[in-house]
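The values are calculated or read from the model by the stated rules, or taken from the named source; none is laboratory data. The shown structure was predicted, so the numbers you read here are calculated from the model rather than taken from an experiment. Here the Cβ is made from the backbone with ideal geometry for all residues, glycine too, and neighbour counts use every protein chain on show. In case anyone asks, the SASA skips ligands and DNA or RNA and just uses the protein heavy atoms, side chains included. Shrake-Rupley method; radii C 1.70, N 1.55, O 1.52, S 1.80 Å.
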Amino acid sequence: LDVRSGVDTVALDIAHIGRRLVAYIIDSILLSVVNQIVGTMLGLAAARAGGSPGLIFASVVVSLGTNILYDGSMTAARGQTLGKMAMKIKVIAETGADVTSGQGWGRACAKLIPFAVLVALFNDERKGLHDMLAHTRVVNWR
């Protein structure tokens, strides 16, 4: 029993770290393709502008924004990114309910904190720092 949320964690089928890792890799591959296309377009624009540092900075900002937009919108809408769908796992609220929009977007933004995801390796509930801050869990989903 999770004393803070009052939820029986045994009843929730908490997703294994391996499944979460594979989902993360799938999402990273998809995002790298999108970011590569956008980065190439911005890079070409920067080259035409004489290597403008502003456009190079914009490329980094757009890449981070793309990651947050993808993760936040997918998690807020369905509780799953494409990688999580493929691995049959889902983000839910600590209570076992579907995530709220705020939880989905907050979780996505919290992933920008360095090593937030790695925290899941060091606790029994397999919660990353982003899960702790958004009050979410990742569970197996049929």
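I'm trying to understand the selection: among the residues of the range 38-52, which are open to solvent by 100 Å² or more (accessible area, probe 1.4 Å) and closer than 24 Å to I68 by Cβ?
Result: M41, single match.
If you go through the range 91-106 and keep only what is open to solvent by less than 20 Å² (accessible area, probe 1.4 Å) and either part of a helix (DSSP H, G or I) or of a type outside the set (A, V, I, L, M) (or both), you end up with E94, G104.
Do we find that S63 is touching a Leu at 6+ places or on another chain (Cβ under 8 Å) and more than 30 Å from R142 (Cα to Cα) in this structure? In short, no.
Would you point out the residue of the range 107-130, among those that are more than 14 Å from the chain's Cα centre (by Cα) and not hydrophobic (A, V, I, L, M, F, W, C), that is surrounded by the most Cβ atoms within 10 Å (Cβ to Cβ)? Checked the range 107-130; the qualifying residue surrounded by the most Cβ atoms within 10 Å (Cβ to Cβ) is R126.
When you look at L133, is it farther than 22 Å from S32 by Cα, among the hydrophobic types (A, V, I, L, M, F, W, C), open to solvent by 80 Å² or more (accessible area, probe 1.4 Å) and assigned to a helix (DSSP H, G or I), yes or no? Yes: the conditions hold for L133. Only one entry in V139, V60 is outside any loop (DSSP other than H, G, I, E, B) and open to solvent by 60 Å² or more (accessible area, probe 1.4 Å), namely V60. Taking the range 65-88 as the range and being open to solvent by less than 40 Å² (accessible area, probe 1.4 Å), under 17 Å from I17 (Cβ atoms) and charged (D, E, K, R) as the test, only K84 passes.
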